[in-house]
Amino acid sequence: MSRISVFSAPFLLGFDSFEERIDRLTRSAEGYPPYNIERTTGGDGAERFHISIAVAGFAQSDLEVSVEDNQLQVRGRQKDEPGRDFLHRGIATRQFQRTFLLADGMNVKDATLGHGMLVIIVERPPAPKIARQIDIRSV
């Protein structure tokens, strides 16, 4: 059975790569670690998104934040310390990868770690309104 996509509309040209990315994101979505996304607007008109990810127990060296092909990827890897004997282990130490799809023009500005929260700031600068006239040639 073939699947009909919103991106297959004839007036949406060049969006097929977005469909592929969205499919990849939905397949990898899971609930760990929990996160919040907050939107603010600066005085300059730029939109800022604060992505807060709960990473209790992870050190700065256990975390990696990267941007590749309009995808913000956050990875966490903890190493078990040999010789530690837990009577109860309620704090997860599993690996994770959280991916966010970024629109064109979005810039990752900063990442900070404090009080068990990794906060990543992504900014969308105000886009200039550009209109231009296209000359029509005779053949």
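The values are calculated or read from the model by the stated rules, or taken from the named source; none is laboratory data. Bear in mind the structure is a predicted one, so any value in this text is a computation, not a measurement. Glycine gets a Cβ as well: all are built from the backbone with ideal geometry, and neighbour counts include every protein chain shown. For the accessible areas, the whole protein counts, side chains as well, though only heavy atoms, and no ligand, DNA or RNA atoms are used. Shrake-Rupley method; radii C 1.70, N 1.55, O 1.52, S 1.80 Å.
Volume per residue, Å³, of the convex hull around the alpha-carbon atoms of segment 58-139?
Numbers: hull volume 11.4 nm³, N = 82.
Taking only Cα atoms, segment 58-139 has a hull volume of 140 Å³ per residue.
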Quick one: grab Rg to one decimal and Dmax as a whole number for the chain, Cα atoms only, in Å. 20.6, 82
How high is the FRET efficiency from Asp85 to Ala54, r the C-beta distance, R0 30 Å, rounded to 0.05? 0.70
Taking 7 Å along the Cα-to-C-beta vector as the label spot, tell me the Ala103-Glu47 distance in nanometres, rounded to one decimal. 0.4
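How many percent of the accessible area of segment 18-139 is carbon or sulfur, using a 1.4 Å probe? Could you put the intermediate results ahead of the total?
Details: 4390 of 9050 Å².
In segment 18-139, the share of accessible area belonging to carbon and sulfur is 49 percent.
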Out of Ser17, Ser52, Ser66, any idea which swings most in a Gaussian network model of the chain, alpha carbons joined below 10 Å? Ser17
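Would you mind finding the longest exposed-site-free stretch of the chain, with exposed trypsin sites (Lys or Arg not before Pro) meaning DSSP loop and at most 10 other Cβ atoms within 10 Å? Don't skip to the answer; put the middle values down first.
Working: sites that count: Arg3, Lys79, Arg84, Arg89, Arg94, Lys129, Arg132, Arg137.
So the longest stretch without any such site is 4-78.
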If you find the alpha carbon centre of segment 46-66 and of segment 73-139, how far apart are they in angstrom? 7
Between Ile130 and Arg94, with labels modelled 7 Å along Cα→Cβ, what's the label distance in nm to one decimal, could you check? 4.5
Enumerate the calculated ³J(HN,Hα) couplings along segment 54-68 in order (Karplus 6.51 cos²θ - 1.76 cosθ + 1.60, θ = phi - 60°), each rounded to whole Hz, writing x wherever the residue is Gly or Pro. 6, 10, 4, x, 8, 8, 4, 6, 8, 10, 9, 10, 9, 10, 8
Measure nothing but the geometry: give the 0 to 90° angle between the long axis through the Cα atoms of 16-28 and the longest principal axis through the Cα atoms of the chain, rounded to 10°. 20
Amide H to amide H, which residues 5 or more places from Met117 or on other chains are under 5 Å from it, using H placed in the peptide plane? Val55
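At 0.36 nm per residue, minus the direct Cα-Cα distance, what do Ala9 and Asp62 gain on full extension? Give it in nm, one decimal, please.
On the way: separation 53, 0.36 × 53 = 19.08 nm, distance 4.30 nm.
Roughly 14.8 nm would be gained on extension.
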